[in-house]
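The values are calculated or read from the model by the stated rules, or taken from the named source; none is laboratory data. Because the structure is predicted, anything quoted here is derived from the model rather than measured. Cβ placement follows ideal geometry from the backbone for every residue including glycine, while neighbour counts extend to all protein chains displayed. When the accessible area is computed, the model is the full protein with side chains, heavy atoms only, and any ligands, DNA or RNA have been set aside. Shrake-Rupley method; radii C 1.70, N 1.55, O 1.52, S 1.80 Å.
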Amino acid sequence: MTLARFMARPVGRGLRVVVGLVFIVVGIVLFVVHVAIPLGVVLVVLSVLLIGGGSANVCPLAVVTGGPFRGRDALSV
């Protein structure tokens, strides 16, 4: 539950967006340089999930650990 509360707060949401942006940059570089094209694609897809989850205030990882999916629910508990 601690993870869900942290991820629902502005710091956790911002962290997910920043990590998502870093993943996009690294994924595009890997894709363009042809070093690891599949890894680049995976990083870009993962970044979209991180940025989307951070901006929508949802956390699929919290569900796996037993927390609520919606950030609002995590903060109210």
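Checking the stated criteria, Leu61 turns out to be open to solvent by 40 Å² or more (accessible area, probe 1.4 Å) and within 11 Å of the chain's Cα centre (by Cα). I'm checking my understanding of the structure. Among residues of region 1-17 that are hydrophobic (A, V, I, L, M, F, W, C) and exposed (fewer than 13 other Cβ atoms within 10 Å of the Cβ), which one is farthest from Gly52 (Cα to Cα)? The extreme case among them is Met1.
In the set (1) modelled with pLDDT under 90; (2) part of a helix (DSSP H, G or I), the condition left unmet by Val44 is number (1).
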